[in-house]
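Take a look at the structure below.
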Amino acid sequence: MTALDIVEVKEGVDQDTVDAVKELSGNYKYGWETEIEMEYAPKGVNTDIVRLISDKNEEPEWMTEWRLSAFARWEQIEEPTWAMVDYPTIDFQDIYYYARPKSMEVKPKSLDEVDPKLLATYAKLGIPLKEQAILAGVEGAEDMPAEGRKVAVDAVFDSVSVGTTFQAELKKAGVIFCSISEAIREHPELVKKYLGTVVPASDNFYATLNSAVFSDGSFVYIPPGVRCPMELSTYFRINAENTGQFERTLIIADKGSYVSYLEGCTAPKRDVAQLHAAVVEIIIEEDAEVKYSTVQNWYPGDENGVGGIYNFVTKRADCRGARSKVMWTQVETGSAITWKYPSCILRGDESQGEFYSIAIANNMQQADTGTKMVHLGKNTKSRIVSKGISAGKAQNTYRGLVSMHPKAKESRNYTQCDSLLIGDKCGAHTVPYIEVRNNSSRVEHEATTSKVDDDQLFYCRSRGMDEEEAVALVVNGFCKEVLQALPMEFAMEAQALVAISLEGSVG
Amino acid sequence: MALAKLKVETTDARLSGVVVPDGAAWSNAVRADALSRVRQMGLPTKRDEYWKYTDPASLTTAEPSSAALFVNDEGPLFEAVDRVRIVFVDGVFDAGASDDLTAEGVEIERLADAIQTDIHWAKDLYGVLETRGQTPVERPLAALNTALATDGVVIRVTGKAAKPINFIYLHKDENSDAMLHNVVKVEAGAEVTILETGPAAARFSKMLEVEVADGATFHHVRAQGRDHERRAVTHCFARIGANATFKSFTLTFNGVLTRNECILEIVGDDSVAHVAGACVGDGKDFHHDDTVFVTHDSLNCESRQVFKKVLRNGATGVFQGKILVKAGAQKTDGYQISQSLLLDEDSQFLAKPELEIYADDVACSHGSTSGAIDETALFYLRSRGVPHDEARNLLTLSFLAESLEEIDDAGLAEELRDRLEAWLARHS
């Protein structure tokens with residue numbers, strides 16, 4: 001019996017919601033392990049390890065230097081303690097920083113050459129590395145027209161990318177989609193121009209560590225005017241024990257281009273916590289648009305807080321060009337500790353940033369997550385919709401920044417965050433920072449649940465619904481807002497989440 | 001963890017040569033403890049998260065910056081109210097200018113006298129509520145006040161006070177550095193209204209520790225002078241019992257730097273705690289900071305925070321508000337709103353409205369908005385023949401009105417509203 005079964009649920013909290021949360025976090029479905037022969041770098045981190053990782057990836061000297069300078073910086077700085085999360089001190093010297101399947105020693109030339117054990121792993125996760133028309137495991141997808149439902153996948157296993165599908169077809173459109181290690185070798189001019197320009201190597205403790213030791217990740221370049229012909233996706237799998245995963249993703253959407261990018265992640269059940277410290281940088285030029293969707297499903301640890309992934313991630317999009325647009329959608333159900341603030345730098349005039357988030361924390365999970373909307377350009381717009389749900393003994397914090405700079409005239413922000421507590425042993429917290437430095441911009445922050453839109457209510461009532469029905473419809477519709485922002489590929493996850501309503505939220 | 005170098009230097013410089021007022025053993029002990037806590041915490045610097053939006057440098061220097069004297073041609077506030085006046089000039093009690101310190105239902109005594117008394121009720125409150133209020137957020141300037149406060153009064157309210165008590169803080173010396181500490185104990189079922197007026201000194205540190213016992217009522221209305229150059233940090237620490245009422249309102253007109261901290265702890269069931277404020281600031285050297293921390297640690301209580309700011313010509317407004325609902329504080333109803341009206345491009349509003357909730361059967365909401373005056377409303381008034389400035393002032397006043405409504409006494413609210421209206425007319 002999980003902790004949720006015996007919890008007394010407060011009046012007003014929807015039973016379907018309780019069941020859905022239980023279902024989501026009751027049994028971790030991805031906790032199995034792939035038995036495969038691995039090779040490791042020695043435990044711990046130092047300049048030799050940094051050089052070794054750089055060597056393994058056959059990197060040019062400038063990249064090695066970049067890593068080493070990040071490492072020198074990392075040694076000088078302290079781990080941040082401001083987040084509302086509590087965990088034992090991490091021994092950074094007791095972690096493997098590089099682990100790859102032996103079979104990946106000679107890089108496979110095509111997917112056909114990839115170790116069948118690895119292919120089987122991804123097939124079991126529902127992410128078959130085949131260039132098939134549709135992504136398996138998506139209910140209802142069979143009925144969709146095959147064209148347009150293609151998804152290219154870059155699969156990252158511990159420290160290395162095992163393969164990327166549809167590369168040839170994407171190449172025809174001019175799109176580059178490959179692992180970051182390959183990009184550093186094949187497209188150094190692009191990597192050199194953009195890497196570290198959104199999240200500098202000195203940005204924060206974990207980003208700096210990542211800059212020094214990142215082993216792989218994905219690279220995306222969409223040329224001017226191109227609408228990426230299919231969705232791109234990276235699937236991160238941690239398999240090896242005592243290993244940290246440090247991946248780096250760099251996405252560049254050149255002028256007038258469009259791409260939708262999906263990210264998924266899982267890990268085996270282990271008694272020892274594992275570190276995952278990723279950096280995602282997105283550059284969006286004039287009139288370009290990027291959608292970035294994540295279903296974060298790392299192993300959350302057991303009900304007593306043993307094991308699980310420490311997910312310390314820096315994600316940031318830089319809307320450099322005028323009218324550029326970014327949309328972050330995240331569903332956070334996994335990880336023992338989450339420390340993650342996907343952010344938008346709205347530099348270009350009339351650029352837009354959106355952040356939709358559902359964070360579910362159960363048992364002993366702790367999540368401190370939110371976003372930063374930094375308005376620098378004129379007429380920029382941002383929107384934040386965040387739903388936090390806590391159950392068991394979990395702590396869930398929304399932390400966000402909305403900053404309107406003096407030159408960001410006529411800009412707008414709207415923020416809505418709701419929290420729901422299931423049971424009296426958990427916590428829900430909101431820590432918003434609001435900085436308004438010009439008066440033509442308008443900032444609205446709300447964190448309340450009783451505030452159902454009066455116009456919508458009136459509309460429903462005028463169609464003959466009673467008050468309760470009308471409220472339910474409006475509240476439910478509001479929650480779906482986040483789920484609808486999720487692409488089709490996450491339909492199964494969305495289905496599980498759709499039952500969640502925020503009736504009975506505390507604020 | 002060792003304190004940062006800047007913190008140590010700031011603290012050492014401030015504490016160098018300070019004189020701790022001598023008193024009875026209990027007083028000396030509480031002050032010595034406070035002083036050691038200051039050394040341990042270190043005085044605040046701009047790098048502290050809690051001072052992110054307000055630079056405390058001018059509050060922590062060894063010597064205060066001077067502040068020109070301002071002649072207020074409007075006359076004192078609350079003249080029409082029958083009240084007990086307690087006058088401090090640059091932080092020093094002025095017996096001649098004060099009324100006889102007696103009124104039915106209250107006992108008033110100078111702090112200087114109280115701390116000489118071996119057995120005194122104030123021993124249970126002086127520095128005690130302040131110490132409790134140091135977790136989870138450290139407030140070293142409050143501990144500094146407990147250690148060094150030179151004057152103030154202790155008030156015990158035993159019944160329904162016959163009239164309000166008015167602290168009047170006069171500023172007559174351009175270089176004065178005042179530190180006052182007042183203690184109010186409202187006993188079970190008793191009721192009192194405290195009024196505070198005036199800028200007080202060139203630099204002013206003031207603390208109010210309030211115990212509101214079961215069934216007691218505490219009303220507080222404060223107007224912090226006008227258009228002066230004063231720099232101030234004030235703290236109000238209150239512990240609120242069952243079935244009790246605590247209501248505090250603060251009005252601020254200009255002033256170079258004002259940081260008002262209000263730390264409320266609701267420990268009894270079925271109580272109400274409201275804290276509200278209106279501030280109007282004109283000019284780059286206006287900085288106003290409202291920092292509020294409300295802790296719910298009992299059943300079925302209501303708290304409200306309502307703060308409105310009107311800012312122009314480069315003025316800065318800060319709001320840091322927090323509602324903490326402890327585990328088991330079920331049926332809490334917490335509300336928090338902070339709004340600012342920016343009348344021109346240069347002004348800024350910085351806010352951190354926080355919620356920390358550990359109980360599931362509660363309703364807490366917070367809202368924060370910031371923006372320019374509503375052009376549509378302005379257009380409407382102008383189309384009805386109201387001149388532009390008058391229309392703007394009308395809309396500004398109506399924006400501030402929500403906070404004035406938090407004052408229960410209509411007469412007091414009306415008087416403050418008139419002053420606001422006059423200020424807006426002068427600063428058009």
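Please specify each residue of region B:45-81 satisfying the condition of being in a loop (DSSP other than H, G, I, E, B) and of a type in the set (Val, Ile, Thr). Walk me through how you get there before you give the answer.
Looking only at region B:45-81, we keep the residues that are in a loop (DSSP other than H, G, I, E, B), and these are B:45-48, B:52-56, B:61-81.
Passing the criteria: B:Thr45, B:Thr54, B:Thr61, B:Val71, B:Val81.
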Would you check which residues across region B:121-136 are assigned to a loop (DSSP other than H, G, I, E, B) and either crowded, with 23+ Cβ neighbours inside 10 Å or at pLDDT 95 or above (or both) and list them? B:Leu125, B:Tyr126, B:Gly127, B:Gly133, B:Gln134
From the residues in region B:274-309 that are closer than 26 Å to B:Pro199 by Cα, over 14 Å from the mean Cα position of the chain (by Cα) and among the small types (Gly, Ala, Ser), which one is surrounded by the fewest Cβ atoms within 10 Å (Cβ to Cβ)? B:Gly283
Residue hits (region A:88-97; surrounded by fewer than 14 Cβ atoms within 10 Å (Cβ to Cβ) and more than 14 Å from every other protein chain (Cβ to nearest Cβ)) are A:Pro88, A:Asp91, A:Gln93, A:Asp94
Hey, can you tell me all the residues within region B:323-338 that are crowded, with 23+ Cβ neighbours inside 10 Å and closer than 18 Å to B:Asn260 by Cβ? B:Ile323, B:Gln336, B:Ser338
Residue count, region B:224-237, condition assigned to a strand (DSSP E or B), in contact with a Leu (Cβ under 9 Å, 6 or more places away or on another chain) and at pLDDT below 95, comes to 1
Counting just the residues of region B:102-120 that are modelled with pLDDT under 95 and assigned to a strand (DSSP E or B), which one comes out farthest from B:Leu148 (Cα to Cα)? B:Ala103
Given the options B:Val386, B:Val362, name the one that is farther than 23 Å from A:Glu410 by Cα and in contact with a Ser or Thr (Cβ under 9 Å, 6 or more places away or on another chain). B:Val362
Those residues that are more than 9 Å from every other protein chain (Cβ to nearest Cβ) and closer than 18 Å to A:Met364 by Cβ, I need them from region A:396-426; list them, please. A:Asn396
Tell me whether region B:301-315 contains one or more residues that are modelled with pLDDT of 95 or more and hydroxyl-bearing (Ser, Thr, Tyr). yes
Determine if region B:191-212 includes at least one residue that is at pLDDT 95 or above, over 13 Å from the mean Cα position of the chain (by Cα) and among the basic types (Lys, Arg). yes
In region A:377-393, is there at least one residue being among the hydrophobic types (A, V, I, L, M, F, W, C) and closer than 19 Å to B:Glu356 by Cβ? yes
Residues (under 21 Å from A:Arg248 (Cβ atoms), in contact (Cβ under 8 Å) with a residue 60 or more places away in the chain, out of contact with any strand residue (DSSP E or B) (no Cβ under 9 Å at 6 or more places or on another chain) and surrounded by 13 or more Cβ atoms within 10 Å (Cβ to Cβ)) located in region A:32-65: A:Val45, A:Ile49, A:Val50, A:Ile53, A:Glu59, A:Pro60, A:Met63
So, in region B:323-373, how many residues would count as being under 19 Å from A:Gln395 (Cα atoms) and facing chain A (nearest Cβ under 7 Å)? 14
From (1) under 20 Å from the mean Cα position of the chain (by Cα); (2) more than 10 Å from every other protein chain (Cβ to nearest Cβ); (3) of a type outside the set (Gly, Ala, Ser); (4) over 16 Å from B:Pro353 (Cα atoms), pick out the condition that doesn't hold for A:Thr371. (4)
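Can you tell me how many residues within region A:383-426 are of a type outside the set (A, V, I, L, M, F, W, C) and assigned to a strand (DSSP E or B)?
19
When you check A:Tyr398 against the structure, is it surrounded by fewer than 24 Cβ atoms within 10 Å (Cβ to Cβ) and within 18 Å of the chain's Cα centre (by Cα), yes or no?
No.
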Conditions first: (1) surrounded by 19 or more Cβ atoms within 10 Å (Cβ to Cβ); (2) touching a residue at least 60 places away in the same chain (Cβ under 8 Å); (3) closer than 30 Å to A:Pro80 by Cβ. B:Trp51 passes all but one, so which condition is the exception? (2)
Within region A:301-326, residues being touching a residue at least 40 places away in the same chain (Cβ under 8 Å), closer than 29 Å to A:Gln395 by Cα, among the aliphatic types (A, V, I, L, M) and in a loop (DSSP other than H, G, I, E, B) number 0
Which condition from (1) farther than 30 Å from A:Tyr433 by Cβ; (2) surrounded by 16 or more Cβ atoms within 10 Å (Cβ to Cβ) is the one that B:Ala143 breaks? (1)
Going by the conditions given, is A:Ile49 at pLDDT below 95 and assigned to a loop (DSSP other than H, G, I, E, B)? no
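Per-residue answers, yes or no, for (1) more than 17 Å from A:Ala253 (Cα to Cα); (2) more than 19 Å from the chain's Cα centre (by Cα); (3) buried (at least 20 other Cβ atoms within 10 Å of the Cβ):
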position: A:Val153; (1), (2), (3): yes, no, yes
position: A:Val156; (1), (2), (3): yes, no, yes
position: A:Lys172; (1), (2), (3): no, yes, no
position: A:Arg185; (1), (2), (3): yes, yes, no
If you check A:His445, A:His429, which single one turns out to be in a strand (DSSP E or B), within 8 Å of another protein chain (Cβ to nearest Cβ) and either at pLDDT below 80 or within 23 Å of B:Ala329 (Cβ to Cβ) (or both)? A:His429
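Yes/no per residue for (1) touching a residue at least 12 places away in the same chain (Cβ under 8 Å); (2) out of contact with any Lys or Arg (no Cβ under 6 Å at 6 or more places or on another chain); (3) under 25 Å from B:Val267 (Cβ atoms):
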| position | (1), (2), (3) |
| --- | --- |
| B:Leu195 | yes, yes, no |
| B:Arg203 | yes, no, no |
| B:Glu211 | yes, no, yes |
| B:Phe218 | yes, yes, yes |
| B:Val221 | yes, yes, yes |
| B:Arg226 | yes, yes, no |
| B:Arg230 | yes, yes, no |
| B:Val233 | yes, no, no |
With B:Ala329, B:Ala351, B:Ala315, B:Ala401 as the choices, which residue is over 23 Å from the mean Cα position of the chain (by Cα) and either under 27 Å from A:Asp418 (Cβ atoms) or not charged (D, E, K, R) (or both)? B:Ala329
Which one is nearest to the other protein chains (Cβ to nearest Cβ) among residues in region B:374-409 that are polar (S, T, N, Q) and either under 30 Å from B:Arg222 (Cβ atoms) or in contact (Cβ under 8 Å) with a residue 12 or more places away in the chain (or both)? B:Thr396
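The values are calculated or read from the model by the stated rules, or taken from the named source; none is laboratory data. Please read all numbers here as calculations on a predicted model, not as lab measurements. When we count neighbours, we look across all protein chains shown, and the Cβ atoms used for this are built from the backbone with ideal geometry, even at glycine.
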